[in-house]
Amino acid sequence: MTAHSKGAKRPRQNEKHRLRNKAVRTTVRSAVKRVVEAIGGKDVEAAVKALKLAISKLDHAYSKGVMTRGTTARTISRLSRQLAKIAKPSKA
């Protein structure tokens with residue numbers, strides 16, 4: 001890693017933040033993946049549990065500055081809509 005200045009603190013901080021952000025993003029993606037799998041398997045109970053956990057992880061990622069508000073809200077909205085579809089199928 002090469003820094004533009006002589007100081008060494010900023011590159012160290014960037015590396016710490018990068019690793020923390022990577023870990024948070026990984027947990028969020030895993031949680032979202034579990035929801036999608038449960039929805040795909042038409043398992044409403046498991047999907048509801050997984051969605052609650054995913055929302056918690058997404059909110060945590062937003063609060064830490066890893067994800068933006070729009071990305072977080074959009075992801076939650078899309079997952080909720082998908083879950084609503086399997087929870088009560090439309091009469092078509």
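The values are calculated or read from the model by the stated rules, or taken from the named source; none is laboratory data. None of these values were measured; they are calculated from a predicted model. Neighbour counts run over all protein chains shown; Cβ positions are idealised from the backbone, glycine included.
Tabulated data
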item: Residue match in the range 3-21 (condition: surrounded by 14 or more Cβ atoms within 10 Å (Cβ to Cβ) and in contact with a Lys or Arg (Cβ under 9 Å, 6 or more places away or on another chain)); result: yes
item: Residue identified as of a type outside the set (S, T, N, Q), at pLDDT 95 or above and out of contact with any strand residue (DSSP E or B) (no Cβ under 8 Å at 6 or more places or on another chain) among Lys42, Lys6, Lys91, Lys57; result: Lys57
item: Among residues of the range 42-69, those that are within 18 Å of Lys88 (Cβ to Cβ) and part of a loop (DSSP other than H, G, I, E, B), counted; result: 2
item: The one condition in (1) in a helix (DSSP H, G or I); (2) touching a helix residue (DSSP H, G or I) at 6+ places or on another chain (Cβ under 6 Å) that Ala84 fails to fulfil; result: (2)
